[in-house]
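Asker: Handing you this structure, nothing more for now.
Every number here is computed from the coordinates shown, using simple stated rules; none is lab data. The model shown is predicted, which means the values in this text are computed figures rather than measured ones. Every residue, glycine as well, gets a Cβ built from its backbone with ideal geometry; the counts of neighbours run over all protein chains shown.
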Amino acid sequence: MPCAQLTEILKGCDNNLGGIKKFYITAWDNVTGFTFASNGEINTITLAATTTFVEYEFSKNSSNYVEEGNISLENGSTFYTVTSNLVIPRRELVKRNSIMLLAAGQQNLAIIIQDQNGLYWFQGLENGSNLTGQGEGSGTAKADGSKYSLTFTSEEPEMMRTVDPTIIAGLL
């Protein structure tokens with residue numbers, strides 16, 4: 001079977017900012033369906049009754065995601081690993097308890113990330129995402145602060161898809 005027709009990629013003139021702005025999580029089982037626009041963007045996410053995505057807040061310039069292609073020429077296989085790193089300031093009991101729920105039973109999660117360019121990305125579309133690491137502590141000096149560092153990982157057959165920004169408010 002021949003591969004798809006390649007299309008050009010243009011540089012563009014828009015500002016290109018790094019980092020993330022918002023981070024939303026729900027249990028993977030809460031997501032009951034998706035629809036996609038003709039360009040591949042997610043334009044509908046259906047959630048089970050009474051469930052929502054929950055925002056996890058963090059400080060500016062502290063969190064990111066990385067999407068890496070894993071391509072095997074020998075085996076003819078390709079998949080993508082997305083690793084999101086979220087640093088949540090100030091250690092507190094309520095935050096601790098929420099993190100414990102994320103880790104419980106290694107549950108699959110659905111994650112929406114808003115980047116600093118205003119685009120929303122869906123992590124874990126087919127296989128879900130998991131909390132795969134948690135660290136940090138009190139810091140050493142007073143200026144270090146206390147914090148939680150969370151790592152979420154997903155492995156997917158395709159790169160992350162964008163999410164139509166007009167549907168975000170209805171998911172929260």
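Asker: Reported to two decimal places, what Rg/Rh ratio describes the chain when computed on Cα atoms with Rh from the Kirkwood expression?
Answerer: 0.99
Asker: Looking at this model, which pairs from Lys11/Lys60; Lys60/Lys147; Lys22/Lys147 are more than 20 angstrom apart at the alpha-carbon?
Answerer: In this structure, Lys11/Lys60 exceed 20 Å between Cα atoms.
Asker: Another one. Under a point-charge model restricted to the Cβ atoms of Lys and Arg (+1) and Asp and Glu (-1), what is the dipole moment magnitude of the range 20-171 relative to its Cα centre, in debye to the nearest 20?
Answerer: With only Lys, Arg, Asp and Glu charged at Cβ, the dipole is about 800 debye.
Asker: Using Cα-Cα distances under 8 Å and only pairs 6 or more residues apart, what relative contact order does the range 1-91 have, in percent?
Answerer: 23
Asker: Continuing with the same structure: What is the distance, in nm, between label points placed 7 Å from the Cα along the Cα-to-Cβ direction at Ser77 and at Met159?
Answerer: 2.2
Asker: Additional query: Counting only other residues whose beta carbon sits under 15 Å from that of Gln106, what net charge do I get with K and R as +1, D and E as -1?
Answerer: Residues close to Gln106 contribute a combined charge of -2.
Asker: Of the options Ile20, Ser138, Ile168, report the single residue whose Cα projects farthest towards the positive end of the charge dipole of the chain (beta-carbon charges: Lys, Arg +1; Asp, Glu -1).
Answerer: The residue sitting most towards the positive pole is Ser138.
Asker: Let me have the relative contact order for the range 20-171, percent, based on Cα pairs under 8 Å that are six or more residues apart.
Answerer: 29
Asker: Any idea what the dipole of the range 53-117 comes to, in debye rounded to 20, about its Cα centre with Lys/Arg Cβ at +1 and Asp/Glu Cβ at -1?
Answerer: Using Cβ point charges on Lys, Arg, Asp and Glu, the range 53-117 gives about 440 debye.
Asker: So, one more: Zone of Met100 (label point 7 Å along Cα→Cβ, backbone N under 20 Å): which residues in the range 41-85?
Answerer: 56-57
Asker: Additional query: Taking only DSSP H segments of four or more residues, each worth -39500 (n - 2.57), what value at 222 nm results for the chain once the sum is divided by all its residues, to the nearest 500 deg cm²/dmol?
Answerer: When only DSSP H runs of four or more count, the value is -2000 deg cm²/dmol.
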